[in-house]
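The structure under discussion appears below in the form of structure tokens.
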Amino acid sequence: MGNERKPEWLKIKLPGGEGYAQVNSIVKKHGLHTICSSGMCPNIGECWGNGVATLMILGDICTRSCKFCATATGKPLPPDPNEPTKVARTVSLMGLSYCVITSVDRDDLPDHGAGHWRSTVMEIRRVNPNTTIEVLIPDFDGRPELIDLFLESEPDVVGHNLETVERLTPLVRTKASYRRSLKVLEHIAKRGFRAKSGIMLGLGETRDEVIQTLDDLLAMGCKMVTIGQYLQPRPTNLPVQRYVTPEEFEEYKQIALAKGFEFAESGPLVRSSYHADKAQHLVKGCCK
């Protein structure tokens, strides 16, 4: 199905405009990476046009090769010791009241990048004390001591994506596992942080499996979720099995909210950080 024409609801505007140019200039000037460009996000025009970008730390080369992802895989460069300062300054220059940070997987590092993550979030907080900080972290090999090391930086929202339903996880992800990711989210929630996760649809999952995934997330204490359409970024990635309709996405959103999720963003173009700032009223003063 990968060669089928995309439906009308997936058509997007080409990036452009003053806001887009400004964000693009700031990111390039400071030598930063964004998941917006590395992940070929369909919302880059809208988000950058509104002065919003999801910054990606620890380089743009991932040590894993998940079948859904457009990020390059290979042997990464050593972490940039100046990156925390650069990221904090960029958040300040963009005037962000709500920022989102993510990273590649760094299985090559002894701490899987947890220490660098900690330094980055702490520096953002120091330079931008009034900015709400949301993060989308890797699984840190599922090691609680590394998750705790990172959590010392006290972000406001801690996201870690399941990506897909349990049955499809071995096909879609490489080293990561469904149950390990659930344990990561459970650990985050038990530590008193607001946990968030996301899944993609259109990979062959069933309706019952999606609902079971929502139940699994809630059981771990995760009450924020995003649900979006998988789009094949390159011919070497998994093909799309089905384009899910906007009506179905809306149904999943209502199901999630009815089940007890406090925040649910569900739609064909939704990605992990899409409209993340909509949850700002939930986050302020809620946890740490």
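Just so you know, all these numbers are worked out from the coordinates, no wet-lab data involved. What you see is a predicted model, and the numbers here were worked out from it, not measured in a lab. FYI the Cβ positions are ideal-geometry reconstructions off the backbone, even for glycines, and counts take in every protein chain you see.
A compact table of results
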{"item": "Listed pairs LYS6/LYS175; LYS196/LYS253; LYS67/LYS259; LYS190/LYS223; LYS196/LYS259; LYS67/LYS175 exceeding 20 Å between Cα atoms", "result": "LYS6/LYS175; LYS67/LYS259"}
{"item": "Residues SER197, SER181, SER65, SER119 arranged by fewest to most Cβ contacts within 10 Å", "result": "SER65, SER119, SER181, SER197"}
{"item": "Sum of side-chain charges, GLY221 neighbourhood, beta-carbon under 14 Å (Lys, Arg +1; Asp, Glu -1)", "result": "+3"}
{"item": "Euclidean distance between Cα centres, the range 52-76 to the range 212-237, Å", "result": "18"}
{"item": "Under 19 Å from the SER92 label point (7 Å along Cα→beta-carbon), backbone N, the range 120-162", "result": "120-134"}
{"item": "Likely footprinting exposure, MET122, MET200, fewest C-beta neighbours within 10 Å first", "result": "MET122, MET200"}
{"item": "Gain on full stretching of the segment that runs from ASP215 to ALA258 - 0.36 nm per residue minus C-alpha separation", "result": "14.3 nm"}
{"item": "ARG89, ARG106, ARG207 arranged by Cβ crowding within 10 Å, fewest neighbours leading", "result": "ARG207, ARG89, ARG106"}
{"item": "Stretchable slack from THR174 to THR236, in nm (0.36 nm times residue separation minus alpha-carbon distance)", "result": "20.8 nm"}
